[in-house]
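Data block below; observations after.
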Amino acid sequence: MQRTALHSLANSGGAKLWTRRLTVALSVVALLLVGNQIPAFAGPRTSECLGTVSKNLTERKANIEDVLYRLRKQGYTIDQISAILSEKCNIHRRSKPIRQVSILDSQNSDINVEAPTIFEDPSHNTWIAYTFWQWNTISPIASEVPWLCPLPCNIGGNEGIGLSLNRPVNSISSSYQAVMRAWGETDYFPMLNTTTPSTLNNTGVSFIGQDKFCMSNQGSNCGGEPGGQDYNFKYGSIIYYINNPGCGTLQAYVQYSHTWSSTSVNGIGVYSNGLSFSWSTSSDHWESSPGNGGEAVTPC
């Protein structure tokens, strides 16, 4: 009896009008939902993080590094990354922003160097100091490309970046203790991954590496930014692993050095509350840092 009544209604003119109105209403709702849609999370699945919570510390580190790399490539901010790591990977942001001017106070508007964040991985009793840099534009680097250089072109000598703590920690991690990664806008340049620091001690770490630039109008199809340009140091990060941070306030600083022409970073000394850069010449380089004290944590 109920089926018959519905059948009769469906074949009536009123039902057809009601059906059209319902269809229109549903279409409007769908458009509103699409217009306000939050992008689906494309980062790590829970199993990808928790699957490496094992006795193998080296495997866990590789997993952390890959997750951070993928999230940065997808454009996630440090606040979004912190929430994801806490929820899905059991890695927690322990440092809190503080209002303090950085002891490394040089800035350059071409690059954004992020104040270091300190995380804890309780599954391995490990602490992690992490920083990230991103060039806001690589157009100025095009003017530094040597004439008729072999592609891709070296831009001066080595770049350098260092991370310094405000005090020594009790011990740094076993296995390898730090890693630097650098990559470009496209896949033209393979990701640079190095676990061989310039300097490593219990107050921080520094790395140096050769930056390279590609321009499509020089006969190489490198994609990247408009005009076919790419730069292998456009993005990058440092991860420094701490085993026992000790007691008292712990804070990290960072500074990046860019070189061109015949200048190269020869080395970077790392000390409590400071970094000491040495260059091959006294010109053709600049340094940049976040411009604030960043974040601090008191482990105990």
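The values are calculated or read from the model by the stated rules, or taken from the named source; none is laboratory data. Values in this document were obtained by computation on a predicted structure and should not be read as measured data. Every residue, glycine as well, gets a Cβ built from its backbone with ideal geometry; the counts of neighbours run over all protein chains shown.
Worth pointing out:
- Only residues that are surrounded by fewer than 22 Cβ atoms within 10 Å (Cβ to Cβ) and either assigned to a loop (DSSP other than H, G, I, E, B) or small (Gly, Ala, Ser) (or both) were counted in region 105-123, giving 9.
- Residue in region 262-296 that is nearest to Glu114 (Cα to Cα), counting only those that are part of a strand (DSSP E or B) and among the charged types (D, E, K, R): Glu295
- Only residues that are touching a Pro at 6+ places or on another chain (Cβ under 8 Å) and either part of a strand (DSSP E or B) or within 20 Å of Ile111 (Cα to Cα) (or both) were counted across region 156-179, and they come to 2.
- Whichever residue in region 138-155 is touching a strand residue (DSSP E or B) at 6+ places or on another chain (Cβ under 8 Å) and assigned to a loop (DSSP other than H, G, I, E, B) and, among such residues, is nearest to Tyr188 (Cα to Cα): Pro152
- Odd one out for Pro152 among (1) closer than 27 Å to Gly267 by Cβ; (2) modelled with pLDDT of 95 or more; (3) surrounded by 19 or more Cβ atoms within 10 Å (Cβ to Cβ): (2)
- Condition check for Thr203: hydroxyl-bearing (Ser, Thr, Tyr) and over 30 Å from Ser261 (Cα atoms): yes
- Only one entry in Asp79, Asp66 is in a helix (DSSP H, G or I) and at pLDDT 95 or above, namely Asp79.
- Candidate set: region 226-261, residues that are in contact with a Ser or Thr (Cβ under 6 Å, 6 or more places away or on another chain) and in a loop (DSSP other than H, G, I, E, B); chosen: the one nearest to Asn136 (Cα to Cα): Gly228
- Asn217 falls short on exactly one of the conditions (1) outside any loop (DSSP other than H, G, I, E, B); (2) within 27 Å of Val67 (Cα to Cα); (3) modelled with pLDDT under 95, and that condition is (2).
- Residues of region 180-210 satisfying the condition of being surrounded by 22 or more Cβ atoms within 10 Å (Cβ to Cβ) and assigned to a strand (DSSP E or B): Met180, Ala182, Trp183, Gly204, Val205, Ser206, Phe207, Ile208
- Single unsatisfied condition, Ile268 versus (1) of a type in the set (A, V, I, L, M); (2) at pLDDT 95 or above; (3) under 21 Å from the mean Cα position of the chain (by Cα); (4) surrounded by 19 or more Cβ atoms within 10 Å (Cβ to Cβ): (3)
Matching residues to (1) of a type in the set (A, V, I, L, M, F, W, C); (2) within 21 Å of Gln251 (Cα to Cα); (3) free of Cβ contacts under 8 Å to residues at least 24 places away in the same chain:
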| site | (1), (2), (3) |
| --- | --- |
| Asn158 | no, no, no |
| Ala178 | yes, yes, no |
| Met191 | yes, no, no |
| Ser206 | no, yes, no |
| Asp211 | no, no, no |
